[in-house]
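The next block holds one structure in the form of C-alpha cells; read it before the comments.
The numbers here are math on the coordinates, done by the rules we state, and not lab data. Predicted, not measured: the structure shown is a model, and the values here were computed from it. Here the Cβ positions follow ideal geometry from the backbone for every residue, glycine too, while neighbour counts run over all protein chains shown.
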Amino acid sequence: MATSSVSKGCFVFKPDFKKRKISVPIEDYFKNEKLESEDSKLRFETYHLLWQRMKSETEQLQEELNKNLFDSLIDFLQKSHSDFQKNSGNWGCQMKLREIPTAALILGVNVTDHDLIFRSLTETLQNNVTPYIVSLQAKDCPDVKHFLQKLTSQLMDCCVDGKSKEVKSVKTPKKTNYSMDSLSSWYMTVAQATGPKMTIKKRTTSSQWQFPPVVIILKNMESFSTKVLQDFIIISSQHRHEFPLILIFGIATSPVIIHRLLPHAVSSLLCIELFQSLSCKEHLAVILDQLLLTAQFPFKISKKALQVLTNIFLYHDFSIQNFIKGLKLSLLEHFYLQPLSVLCCDLPEAKKRIKFLSVNQCENIRRLPSFRRYVEKQASGKQVALLTNDTVLKEETQLLLEDLHVYHMNYFLVLRCLHNFTSCLPKYPLGRQIRELYCTCLENNVWDSEEYASALQLLRMLAKDELMSILQKCFEVLHSSTTKQLGSTTQKVKDFLTQFQNLDADSKEEEDACGSQSKGLQKTDLYHLQKSLLEMKELRRTTKKQTKFEMLRENVVNFMDNLVRSYLLPPESQPLHEVVYFSAAHTLREHLNAAPRIALHTALNNPYYYLKNEALKSEEGCIPNIAPDICIAYKLHLECSRLINLVDWSEAFATVVTAAEKDANSTISEEMNEIIHARFIRAVSELELLGFIKPTKQKTDHVARLTWGGC
Amino acid sequence: MAKLALELAKTSRKVPFDSKADPEIKKNVTQKSKGHSTSEKVQLENNNKTEFLSAPPRSLRKRIIVPTSHCDSESEYSASNSEDDKEVARDDEDDTEAVGLSQKSRVQSRVLPASVSKRTPLKKMKRDKASDLVEEYFEAHSSSKVLTSDRTLQKLKRAKLDQKTLRNLLSKVSPSFSAEIEQLNQQHEKLFHKWMLQLHLGFNIVLYGLGSKRDLLEKFRATMLEDSIHVVINGFFPGITVKSILNSITEDVLNHMGTFQSVLDQRDWIINKFKEDSSLELFLLIHNLDSQMLRGDNSQQILGQLSSLCNVHLLASIDHLHAPLMWDHAKQSLYNWLWYETTTYSPYTEETSYENSLLVKQSGSLPLSSLIHVLRSLTPNARGIFRLLIKFQLDNQDSPSYIGLSFQDFYQQCREAFLVNSDLTLRAQLTEFRDHKLIKTKKGTDGVEYLLIPVDSGTLADFLEKEEEEA
C-alpha cells in the first residue's frame, strides 16, 4: 500500500493541477443511494438557504443577548478610564492610580461558547472604546516572558491594523527585549503621535481620548498559572501611571477563583467589578423560542429528537454552539433522508414546487403514512381520485400544506398561552420551561395526561389578580400575531378581562348580601353547634359555585381547555407532517453522543450483534468457540484478576480454539499449534492496542488488566 | 508431554464455550450454591482447593488463584450475604420457574461432578449484581499480592515469534466470517458520499468500533479523494509527531521552504494561510488519532485548531478504549466531530506491527535493512572502518565488561588497515555514523572515548555475512 512505510508517517497526495479544476460540486454528494435521488439538488439548495437563515437568526439573537452585558462593560471601561484622564495632572501622587481597573466576566461553564462572546466583545470594544485590545490564552503564556512577548506583539499588531505601515517600521523594538518599560515607552510615543490623528479619523465613535486605554482580555482565567498572573499584575501596577491598562478576566466558575488564584497583596492592586453574562439555560430558551417555536421557519423537530438535543445540552455541556450544531445536523439529515423535504420551505414557494413534482414524488406522497390515514377518511370517490390522479393529488397537497401552516401558526400561539397559564402554578405540573411543555404536547394529546388534569385543577383555584395578569399576557401573545386566525379568541380573552374588571363593582354588592345572610352563631349546646357548623359548610359549598368570580374563572379555564383541545393536536395527527418534522432521533444520538466503549464491548462480547451468522448466536454471557479470536481472548481475560499470566492465557485460548476445530481432525499437528499460538499473539497485541491490557514488570510474562466491570 | 495432552483433552470439556448446554448448567450451579448454607459453601470452596492441589498444572489457570483471603472474607460476611443471595435466588427462580423442574433435576445429577472444577460459583454469583462489580474491583486491587501461576514463556517451546514468522503463520489462517465482514464493510462504504457531504459542510468525522479501519479509510481515499489534496497520517507510526505533520503540510502542501521558530508559530502560519486563501482545500486522514504519539494535550490542541478551519477537513479513526477522554469540551468543539461507528473486525495488522508487542521477538530485520542501506551509500573506506568496529564488537560480545572500542585503539587499527591517514578523517567518518545513529560514543571512567554500535550482535553477524556474500 502506498501509505505504509517504516520510515515515515505522513503521506501527502497532490493531484495534478489541471485535473483538480474539475472538482465535484457538493450537491453531488447529497445523493442518497438508498432513495432514488429525487430533486437532490433542489433539496440541497433548500437546505442551504434555510440553514443560512437560521444561522443568521441565531447570530443576531446572540448579539442581542450579549448587548446588555457589553453595554455595561463599556460603561465600566469608560468610567474607569476617565479617572485616569482626569488625574493625569498629578499622576505620581495618586495612590488610587495603582489599582488596575478589572472587569471579572462570569461566563458560566460552557467554555465552548466563550470564544464567540470574546470575539464579539473585542469587536464591540474596538468600535467603541479603544483600538488597543489584546486577548491572551493560558496556553500561550507559560511564563511572564511569553506573556509579555505575546502582549507586545499583539499590541503592535492592533496599532498597525489601525494606522499606516510606517508606524510599524519605526516602532518595532528588538525582538529580544520585552519589558513593561519598553512597552510603556512605546505606548507613550504611539499615543502621542497618533492620538490627535485618530480623533479626526474616527469621528463617529463617541468618546476619544488622547490616551486610549489598553485592554487585556484573559480568556478562561482559571487556566493561567498563578505565578504569571501575580507577576504580571504587580509589574503592570508599577507602570499604571504611564500605561493605562484595563484587565478583563473571563471566568467560567465563580468569582471566588480570583481570590484563590491571587493572594491579598496582589488582588488589592486590582479594582474589580463583576459582570454576569446571561445564563446558558435562558440563552437556550431564547434560541428555541425563535427557531423552533415559530412558524417562521418551516423546519420542525419531533419530540424524540428535541429531547436528544436538550439532553445533550443539559446533561453534557451546556453549550449553545453544540446545540446549534445538533440543529444543523438534524436539518441536514432531514433534507438528506426525506425526499419530500423539497416541500419544506416557505408556503408560497412550496406551492410552486408542488406543481412541478415528478411522478415518483407523487408516489412518495401517497406512501406517507399520515397521508394514507388522511385518504382513508375521505369519501370513496375522492380516495380513488387521490390515489390515481396526480393533478388532484397536487391540488390536495397544496391545501394540506396550507392547513399545516395554519395549524403551526395557531399551535404556537396557543402553546404560549397555555404556558402562560401553567408556568405560574405551584410545582409546575407541565414544566417550568416552555420547551418541556412543547415536548409533552408533541408527544400525544396533552389533555389526556395526568399532569394536564392536575394543572387544570390548580388553575381552578387561582386568585383573581393572578388570573387577570395571565389573561393579560395571553392577550398580548394573541394580539402580537399578525394573522387573523385566532381573531375571535383574542376578542374573547379581551372580554374576559373586562368582565373581571367589572367584577370588582359587582363583588361589593355580593359581599354585602353574603354578610347579611350569615348570622352570628347563637349560644347552643355542643350537639347543635356541630350540626349548625355542618350545615354552614354544606351551605358554603353550594353557594361557592354561585359567586360570579368563580363562574367566570370556570369559564376561563374551560375556554383554555377548549383552545388546547382544538389547537394543540399532536403533529402526528396532521397529514403531511413528515414533510417538515425531523424524527430520526437515533441518528442524532449516534453521531453527536456516541458511546465508543459500548460499541467496543458489544463487538467483543456479542459478535452476533454485528456478524449476523447463526453460528455466533449464543446465550447471554457466553460466546461460541468459533467466534473471532479477539473475542475469545477478551472473554478469557474477563475472568482474570489484576494480573494475567500469558502462558495460562495462551493455553486457555488454545484449548477453546482447538475444541472448535477438533471435529475436523482429531490429532493436532505441531504446525496447527504454531498457528494457534500466532493467532493468540495477534489477539493479545490487538487487545493491547485497544487498551484492555498492558505489559507489566511486576512478574515475568504477565500483563496487567486495565478495565473492570462490564466494560 | 503426554500428560499435558491428556490435561488439555480433559479441560476442553470444561471450558464454557464449547457446549451449548453449558450456560444453563452454570446458572443452576449458581442457584444451587446460593441456596446452600454457608458451611456447604465453604466446603465447596475447600473441594475446589483440594482439586487444584491435586492437579498442579491446571492450577495455573487464573481463576484457580482463588485467593484464600477471598473465601475467608466470604465466610466472614456470609451472615449478611446469604440473605441477599436468597433473595436473588428467589428472583431467579421466579424467572426460571417456567423452565421446569425436570431440567433442574437433570442438571443436578450432572452438576455434582462438574461443579467441583467449574468456575468458582462465588464469582459467578457476584456478577449477578452490578453493584458488586465495584467491590470486585477493590477486592482485586486491595491485596497487594496477586496469585497467578509462575509459569513463564521460556519453558514453553514456542515462546516468542518474530514479526516475519508471525505474519507467515497468520497468512495460513483463513479468516472466519469473511462473508459477514464483507457485508459490514459494504455497509460502511455506502456512507462515503455522506461523509464527503458532511466534511464539506464543516463537520469532521471520527470513526470508532472494533477492527482496523485502515482499509476502509484507504478505500475512501481511493474512491473519493482522487482529485483533492490530502494528507494521510499514520498515527500508529512510532515516529510520528505533530511537528512532522505540520512540516508535511507546510512543505509539501503549501510549498513553503522556510523554517519556523516553534510548532505554535508554524500552526499560526498554516492557519493564516488557509484563512487567506479560501480556494485551498485540504483533507487530513488520520489513522489512529489516539495513538501514543498523538494523544498528548498539545498535539490534540494543534490538530483540533487545524481541523476547525473551514477548509481543512479531518477524517480520523480511534481505537483505544479511552480515546474520547483525550478531548475536553473545548477540544471537542474545535474538532466538531460527527461520530460514526464502523465495526469491521479486520485484524489490526499494520497498527500492531510497529508495536513492541509482548510476545513478538525483536527480529532485528529492520535495523539490518537500514544498516545495509546506510552502508551502501558510503565510501569503501568508511565501510571498512565500520566493519572493523563490528568485528571488534563481535569478538568481545561475550565479555560483560566490554564498554566499546576506545578511539585511540580504533584509530590505530584503522591506520594499520590503511583506511585513514589522520585522526581528523576518522573523526569525520565517525560523525557520519553518529548522524545515522550507527554508533554511540561514551566517555569511560578514564576520560577516553569509547565507541559502540547499539545493535545486537545477532544482527551484526547477519550483516557481516551478507557483506561477505556480496563481496
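For this structure, a couple of remarks:
- Number of partner chain Cβ atoms within 10 Å, mean per residue of A:401-410: 0
- Residues whose amide H falls under 5 Å from that of A:LEU576, counting only those 5 or more places apart or on a different chain, are A:SER370, A:PHE371, with hydrogens built in the peptide plane.
- Nonlocal amide H pairs with A:VAL214, under 5 Å, H built at 1.01 Å: A:LEU245, A:ILE246
- Placing R0 at 35 angstrom, the Cβ-Cβ distance between A:LYS427 and A:SER225 gives a FRET efficiency of 0.15 after rounding to 0.05.
- Segment A:596-705 shape via C-alpha gyration tensor axes, a/c threshold 1.5: oblate
- Put the Cα centre of segment A:376-404 next to the Cα centre of segment A:261-295 and the gap is 52 Å.
- Per-residue ³J(HN,Hα) for segment B:255-262, Karplus 6.51 cos²θ - 1.76 cosθ + 1.60, θ = phi - 60°, Hz, x for Gly and Pro: 6, 9, 9, x, 10, 10, 5, 8
- Spin-label model, A:ALA463 to A:ARG372: label points 7 Å out along the Cα-to-beta-carbon direction sit 5.6 nm apart.
- Centroid-to-centroid separation of segment B:284-345 and segment B:388-405 [C-alpha atoms, Å]: 47
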